[in-house]
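FYI, it's all coordinate maths here, none of it is from the lab. The model shown is predicted, which means the values in this text are computed figures rather than measured ones. For neighbour counting, all protein chains shown are included, and Cβ atoms are generated from backbone atoms with ideal geometry for every residue, glycine included.
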Amino acid sequence: MSIPNISNEDLNNAISQALGDVFQTMLSFDCEHVGGSELDKDNTAAPDLGGQEMDTIFVGSVGFVGSINGVVYLYMKSHFAKQAASQITGLDDDSIDFEMIADVCGELTNMFGGGFKNRLADMEYESVLTIPTVLSGDEMFISTLGVAKHLRLDFLSKGDEVVADLVLAEPAASVAA
C-alpha cells in the first residue's frame, strides 16, 4: 500500500488555497505563493526565516488521519506572528504577550489544516484533524518516521516570508487477522 496518487501540483494548489483563505478571512492579509520544493523525507531543517537578524520562529502543526495521513506545518517569524495576533485580538503590540501569539499561531494553523483537509475531502480523501501544536525557537528540525513525501511552499504576506510544509505519511501496513 502506498500514499494516494495526488500530484504535487494538486497538493500545492490545495495548500495555497487553504492558507490564502485563512489569511484573508482571519487577518485580511494577502498571501502570495512564491515558490516551493519537495524535500528530503528524513531530517529536514526548519526554513531559514532569520535573515540577517536571527528572530524567533513560531511553528504550528496539525495532523490529519484517515484515508490519507500527514501533518501540515506553518512557520512564521515572531514579529509577523505578533502582527497577526494584534490583527485578530484588536490589541496594540505592547499588549500582546507570548501566550497570545502562540494561541493565534495555533488557531491559524488549525484553520489552515482544516481548509487543507476539506480540499483533500473534495478529492475523496477523508480525514480528521488532530489537536494543533505550537513551538517556538530559532533552530528546529522536522524528524518523523515513515515519511512518504515532504513538500515546502514559500509565501509572502505583509512583506514577510511565511512557509507551509506538508508531510505525508506512509500508510500503516495491514494487519492480517
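With a simple spin-label model that places each label point 7 Å from the Cα along the Cα-to-Cβ direction, the separation between SER37 and ASP92 comes to 4.3 nm.
Length gained on full extension, SER136 to MET26, computed as 0.36 nm times the residue gap minus the Cα-Cα distance: 37.5 nm. Packing order of peptides 96-102, 13-19, highest average first: 13-19, 96-102 (average count of other Cβ atoms within 10 Å over each peptide's residues). Can you work out the base-10 log of I(q)/I(0) for the stretch 72-160 at q = 0.12, 0.13, 0.26 1/Å, using the Debye formula on its C-alpha atoms alone? The calculated log intensity ratios at q = 0.12, 0.13, 0.26 Å⁻¹ are -0.46, -0.53, -1.44.
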